[in-house]
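Peer 1: Structure in structure tokens, see below.
Please treat every number below as a calculation from the coordinates, not as lab data. No experiment lies behind these values; they were computed from the predicted model shown. Cβ atoms come from the backbone with ideal geometry, glycine included; neighbour counts cover every protein chain shown.
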There are 2 protein chains.
Amino acid sequence: MKRKVSLKDIAQHVGVSTALVSYVLNNQEKEKRVGEEMAARIRKAAGELNYQPNQIAKSLKSGKTYTIGLIVADISNPYSANIARIIEDEAKRNGYTVIFGSSDENADKSWDLINVLLNRQVDGFIIAPSEDSESQILYLKENNIPVVLIDRYFPSVPANYVAIDNCKAAYEAVMHLIRNGYRRIGMITYKTKLFHLQERVKGYQKAIEDSNLLDDQSLIKEARESNLKEEVQQQIDELLSLSEPIDALFFASNKLAVNGLKHIKNLKIMVPEKLAIVGFDETEAYDLYHCPITYVKQPMLELGRSAVKLLLDVIKDDSVKDISNLDTELIIRESSGNKK
Amino acid sequence: MKRKVSLKDIAQHVGVSTALVSYVLNNQEKEKRVGEEMAARIRKAAGELNYQPNQIAKSLKSGKTYTIGLIVADISNPYSANIARIIEDEAKRNGYTVIFGSSDENADKSWDLINVLLNRQVDGFIIAPSEDSESQILYLKENNIPVVLIDRYFPSVPANYVAIDNCKAAYEAVMHLIRNGYRRIGMITYKTKLFHLQERVKGYQKAIEDSNLLDDQSLIKEARESNLKEEVQQQIDELLSLSEPIDALFFASNKLAVNGLKHIKNLKIMVPEKLAIVGFDETEAYDLYHCPITYVKQPMLELGRSAVKLLLDVIKDDSVKDISNLDTELIIRESSGNKK
């Protein structure tokens, strides 16, 4: 590699002291003593000579790396990818870069990632925590490592988070189906202890209760992530072959909905005539299904930006405490049209 | 934050010298002089005391950060997200973490990202280069910074890359349509100088030529990324209203195909009866379209893994030179069925 341009090189080029160049390029207090014109000349020379500050040496001095560790469930899921993109943009706007990893909804993998990122001396974490990772969040908190949870949180673990109001989101989705005349509404969710998914079930149940519909537990199905495709298919078959079959189906995630819709399409079930559908989160597949799918839209931009903002606040001042349960929007389309 | 556990703490705990602990935990040559049992005891103590090596101090010493900089076009596009996931997994398997950024197909943004990542002292880059970023790749090469291009490359810039054989992939897709009886085949691609997309047009043209079909340039349309939705719609309208309208349409990317299919769905055009379709790259939307879409499938796992492997080889030995043009697979489904 070519020898790196040093502060001394810039100083010689401009004809000033190395100390002065250092003051200007490190944006230190004393810069105020340097005239604006001189500061501009030094900056211009640094640019022309292609000066690259050594971030590692700088980090050791400041104790900061200007790096955020991001742990998502799976970067190849459109939900995670969209959030990651927004966090990346917002972090960059604030002079931070993002190191990311996918936990695969696995607590062991999540713990590995946290350790790798701690070794990289990230200034803080944004984490969509996986099941059974409570102790990891507590560990970060106990060690005063800045952390903000996104999308999910644990009611038993006091931590800063940015999420949506999952109960309300599900309640509104199911109430919409009920208002449009559906009475036997099934729900397919994950088999998980994750609080945000349990809240979606709670919202479903509250809507059924508030509408005085039959509270039939057999209409709620739980699929395991490890065997998703097969279990979703089987559960749809079961819900459709009940003595009183379902007339509507609410999916608790985009991945569940996409798997379910593939099966419903293969079965040639007319949507919404034979079965109304509401999904959760976005996917292009909702638009291209022969009947466009109604879905719960999360405020992705606000989620991602708020999480970065909150984390940077915590990095500055570790006494900052904040939680957000943002509102969602129900995007109503043909798949949940009035029952005929 | 709690005081970090030091090598001295571990040494006191085990009852040996700090130097010995350092030898063992830094995997240095002299470890061979330490008995295996003692090395195991030291490692166990480090684990129990939760010792975290300071990666920054280690980096200054070794000159390595064990970090890869990844620049994709847009992490929220399923193609980029899938590749990123595979690169992340493969990097982790090799003890590397990934810092990523999206260039948005914008050369200025790409240059900003390269500089941010250079400041973070990444050991090397994997880049899906954007249009007009040749000089950036040359800059990295001239400065002996390890770089591997993925998905795209510039014929004028000698660089290591892992990509697919785009010309062959498009040729096979169009030949398949011709074999199934289609004669007026349109193509929608991006308005771009990017070589890999020009190769897809070349493959299309070669198939038309080899089959002695009419080489009609008006069947090839170019949409601008900045106004994609509107231009794709308009171009489909034009192709369908020619005096001899198209009977098949080949899309050069998943994003083009998804936009096009939305319009074709709104126009209620029967696929493949009125219009056969072949897409490029994967998206769940291909599965959920009322008629499953035939598409060119890239060997994502091989692309991502090969890129990481090649980069690590280059980091070890900067004289390593390698290029790969991998084969694709045409996934044939109903949207390109025999013409009736």
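Peer 1: Under the 0.36 nm per residue contour assumption, what length would be gained going from the current alpha-carbon distance of residue A:93 and residue A:238 to full extension?
Peer 2: Separation in residues times 0.36 nm, less the Cα-Cα distance, equals 47.2 nm.
Peer 1: Rounded, prolate or oblate, given the Cα gyration tensor of the protein assembly as shown, with a/c below 1.5 counting as rounded?
Peer 2: oblate
Peer 1: Here's something else I'd like to know. How much mean residue ellipticity at 222 nm does chain A get from its helices, if each DSSP H run of length 4 or more adds -39500 (n - 2.57) and you divide by all residues, to the nearest 500 deg cm²/dmol?
Peer 2: -14000 deg cm²/dmol, from helical runs alone.
Peer 1: Next up: Within 10 Å of each Cβ in A:283-293, how many Cβ atoms from other chains are there, averaged over the peptide?
Peer 2: The per-residue average across the peptide is 6.
Peer 1: Another one. I want the antiparallel fraction of DSSP beta bridges within chain A, as a percent rounded to 5.
Peer 2: 10
Peer 1: Taking every DSSP beta bridge with both residues inside the stretch A:198-340, roughly what % is antiparallel (nearest 5)?
Peer 2: For the stretch A:198-340, the DSSP antiparallel bridge percentage is about 35.
Peer 1: On to the next question. Say each of residue A:49 and residue A:17 gets a label point 7 Å from the Cα, pointing the same way as Cα to Cβ; how far apart are those two points in nm?
Peer 2: 1.7
Peer 1: Residue B:143 label points, 7 Å along Cα→Cβ, one per copy: pairwise distances from this copy to the rest in nm, shortest first?
Peer 2: 3.2
Peer 1: Using Cα atoms only, what is the angle between the long axis of helix B:36-48 and the major principal axis of chain B, expressed in degrees (0 to 90) to the nearest 10?
Peer 2: 70
Peer 1: Ranking request for peptides A:99-109, A:315-325: highest mean number of other beta-carbon atoms within 10 Å first, then the rest in descending order.
Peer 2: Sorting A:99-109, A:315-325 by mean packing, highest first, produces A:99-109, A:315-325.
Peer 1: Return the tail of the calculated pair distribution for the stretch A:41-184, meaning the percent of Cα-Cα pairs more than 19 Å apart.
Peer 2: Within the stretch A:41-184, distances greater than 19 Å cover 62 percent of Cα pairs.
Peer 1: Students often get this wrong, so check it: of A:168/A:297; A:255/B:268; A:255/A:340; B:191/B:255; A:4/A:64; A:64/B:92, which have C-alpha atoms separated by over 18 Å?
Peer 2: A:255/B:268; A:255/A:340; A:4/A:64; A:64/B:92
Peer 1: Around residue A:325, what is the net charge, scoring Lys/Arg as +1 and Asp/Glu as -1 over all other residues with Cβ under 15 Å from its Cβ?
Peer 2: Every neighbour counted, the sum reads -3.
Peer 1: Report ³J(HN,Hα) in whole Hz for each residue of the stretch A:91-96, in order, from the Karplus equation J = 6.51 cos²θ - 1.76 cosθ + 1.60 where θ = phi - 60°; Gly and Pro get x.
Peer 2: Values, residue by residue: 5, 4, 4, 9, x, 10 Hz.
Peer 1: Residues with amide H under 5 Å of residue A:162's amide H, sequence separation 5 or more or different chain, H placed in the peptide plane at 1.01 Å from N; which?
Peer 2: A:149, A:150, A:151, A:324
Peer 1: Right, another one. Suppose you put the label 7 Å out from Cα in the Cβ direction; list, shortest first and in nm with one decimal, how far residue A:202 is from each other copy's label.
Peer 2: 6.0
Peer 1: Could you work out the local net charge near residue B:128, counting Lys and Arg as +1, Asp and Glu as -1, over the other residues with Cβ closer than 12 Å to its Cβ?
Peer 2: Charge balance near residue B:128 sits at -4.
Peer 1: Let me ask you something else. Could you work out, residue by residue across A:91-103, how many beta carbons of other chains sit within 10 Å of that residue's beta carbon, and then give the average as an integer?
Peer 2: 4
Peer 1: Between copies, how far does the label point of residue B:48 sit from its twins, in nm, shortest first, when each point is 7 Å from Cα along Cα→Cβ?
Peer 2: Nearest to farthest, the other copies are at 6.3 nm.
Peer 1: At what distance in nm do the modelled label points of residue A:168 and residue A:340 sit from each other, each positioned 7 Å from its Cα along Cα→Cβ?
Peer 2: Distance between label points: 3.6 nm.
Peer 1: Need one word for chain B: rounded, prolate or oblate. Basis is the Cα gyration tensor (sqrt eigenvalues a ≥ b ≥ c); a/c below 1.5 gives rounded, then a/b vs b/c decides.
Peer 2: In terms of gyration-tensor shape, prolate.
Peer 1: Hey, rough spin-label estimate for residue B:112 and residue A:226, points 7 angstrom out along Cα→Cβ, what's it come to in nanometres?
Peer 2: The answer from the label model is 4.5 nm.
Peer 1: May I pose another question? If one takes the longest principal axis of the Cα atoms in chain B, at what angle in degrees, from 0 to 90 and to the nearest 10, does the Cα axis of helix B:166-179 lie?
Peer 2: It is inclined by approximately 30 degrees.
Peer 1: How many angstrom separate the Cα center of the stretch A:165-180 from the Cα center of the stretch B:238-273?
Peer 2: One Cα centre to the other: 36 Å.
Peer 1: Local charge sum around residue B:97 (other residues, Cβ-Cβ under 9 Å, Lys/Arg +1, Asp/Glu -1)?
Peer 2: With Lys, Arg at +1 and Asp, Glu at -1, the net is +1.
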